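Coordinate-derived values only; no laboratory data. The model shown is predicted, which means the values in this text are computed figures rather than measured ones. Ideal geometry is used to build each Cβ from the backbone, glycine not excepted, and the neighbour counts take in all protein chains shown.
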């Protein structure tokens, strides 16, 4: 379902204060759009006008071109999933009953509700058997957030509104929840409107980003375009001085590694001497060493090999190394490389087979391209 | 035993007075519970926050008025007998029930209410499915306090001719008859303890396990 805001306005105090000032935009179907801006920018007000928790004072909101005035407020809300920062789980209800609230309001048959609750718990990675009959007081913060997300999906709504749903949680668990949520959205493909004040969260989750300030839209574009081409200084400052680094979070290793590298198969090259010859022939100062089925063992350098007797086993001269997987993002790659002091890092699949290498220089060049668009 | 002599010699009379006492309590307290919960609910509906705060302030302050003062005031306006006594007891029990209901409902987490509204519950559904069930501990404690206070105050109401166990106590006081005082006071205490225990059981039965767990945390 597509949602269109048409000259949407919310005035307070007889028009003295405009929380949302004449904004028009379209939230694309099946996309996750992030509303972001400083506190008081109107992002939450905009969100809450969509399910009429706040009534607008001007303009219109259209669901697939049908005005929300033509829909009953209560029925409208039952068709829209809603998740909030402090979750608001009903403490007197079990996990099951919490998730079942909207399906019960919609008078679904109990068996269908039960199947749905189990399905949703699996979707948010909680074992239904184990958690269905627990109460909120028996859950960890992260588990509560997951139940909050599951509850917002309960009646299979086309549209989901999320108001900083991962805001009240520690950074480590927040990252995990965000990762899990990206996977969920891959599966369900709902129209999601997501409010946050965390730019990293916005870049990580958003297909598109709406940047708001003082009740106005400052920029609305695909996430990559917002990062690459900030509209003005306000957007730049929101992105922060490290936006080049943030840009790296959107790109994955699999699109940026190279297959042009030198490797030595330890199955064939057994001694230091043959390895040295091979390196000299290739005019390289180091090479990766792989074993059976191309599994990465480490690397060797000419410097180190020259100190050894040429009849020594090559395996004993191999230096172990960090590696990274293709689905990691470039930010993770850069951290791995800086921590391990590597100028290039081998890329391996989940079976540890060497696929290629990613160069620190490549990362610096990519960052440079973000920097350039900043000027 | 000297102390129990009057008690054992007058069991039928004491039972009659106990029944009378219980009757005074039950009628005035029941009406107070219904009225108090009702006032507590209507004064805390959305948009009536001001009324809610006023109710809390008034009931909070009147809890400090001594029971004898209430009885004396009622006597001035309504005279003597069981009816004025029950009215005084009603007023006196109304205060904790109203106070606790209003404060319980006002303290329901705004997050739960926002979630409930956002999910499409009607105002009544929010009240009956969310607000009241989560306020049970507060409301129940108000109701129990009201019961205990009521039973105690009913003994004093004997001075305006209400009957009940207070009658035995006051005669005993006048005659300086310790055994008689004891025969009146003991059933009052037992009655209060039994009623409170029964209400505690009832509270436990209707309160969700989820609430018990979240109170423990």
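In chain B, the longest principal axis of the Cα atoms and the axis of helix B:165-175 are about 40 degrees apart.
Kindly state, as a whole number, the per residue volume in cubic angstrom of the convex hull around the alpha carbon atoms of chain A. Mind dumping the intermediate values first?
Numbers: hull volume 62.5 nm³, N = 375.
Per residue, the Cα convex hull of chain A comes to 167 Å³.
For a paramagnetic label modelled on residue A:369 (point 7 Å from Cα along Cα→Cβ), amide N atoms under 15 Å away belong, within region A:219-254, to A:224-229, A:244-254.
By DSSP, what percent of the beta bridges with both residues in region A:256-339 are antiparallel, rounded to the nearest 5?
On the way: 7 of 10 bridges.
Among the beta bridges of region A:256-339, antiparallel pairing accounts for roughly 70 percent.
Let me confirm one metric for peptide B:105-115, namely the mean number of other chain beta-carbon atoms within 10 Å of its residues' beta-carbons.
Values: counts 0, 0, 0, 1, 5, 2, 7, 8, 1, 8, 13.
Per residue, the average neighbour count from other chains is 4.
When you restrict to C-alpha pairs under 8 Å that are six or more residues apart and normalise by the size of chain B, the relative contact order lands at 28 percent. Measure off 7 Å from each Cα along the Cα-to-Cβ vector at residue A:280 and residue B:26, then give the distance between these two points in nanometres to one decimal. That separation, rounded to one decimal, is 11.0 nm.
Relative to the longest principal axis of the Cα atoms of chain A, helix A:330-340 runs at roughly 40 degrees. Cβ-Cβ distance of residue A:301 and residue A:361, R₀ of 25 Å, FRET efficiency by 1/(1 + (r/R0)^6): the value works out to about 0.85. A protection proxy built from the mean count of other Cβ atoms within 10 Å ranks the segments B:174-181, A:161-168, B:206-213, A:269-276, most packed first, as A:161-168, A:269-276, B:206-213, B:174-181. Here region A:234-375 is treated as an ellipsoid with the same Cα gyration tensor; its semi-axes, largest first and in whole Å, are 35, 15, 11. A simple spin-label model places the labels of residue A:187 and residue A:315 4.3 nm from each other, with each point 7 Å out along Cα-to-Cβ.
Take A:197, A:311 and order them by how many other Cβ atoms sit within 10 Å, fewest up front. Walk me through the numbers before you get to the answer.
Working: A:197 17, A:311 9.
Least to most surrounded, the residues fall as A:311, A:197.
Separation of region A:233-247 from region A:64-116 is 37 Å, based on Cα centroids. Note on A:114, A:10: ascending count of other Cβ atoms within 10 Å places them as A:114, A:10, the fewest first. Taking the longest Cα principal axis of chain A as reference, the axis of helix A:141-153 is set at about 60 degrees. Residue separation of residue A:29 and residue A:16 scaled by 0.36 nm, minus their Cα-Cα distance, works out to 1.2 nm of gained length. Counted over the protein assembly as shown, the DSSP beta bridges are approximately 60% antiparallel. With both labels modelled 7 Å from their Cα along Cα-to-Cβ, the residue B:198 to residue B:4 distance reads 2.4 nm. Kirkwood radius for region B:2-216, taken over all pairs of different Cα atoms as the inverse mean of 1/r, rounds to 18.7 Å. The calculated FRET efficiency for residue A:255 paired with residue B:186, based on their beta-carbon distance and R0 = 56 Å, is about 0.05.
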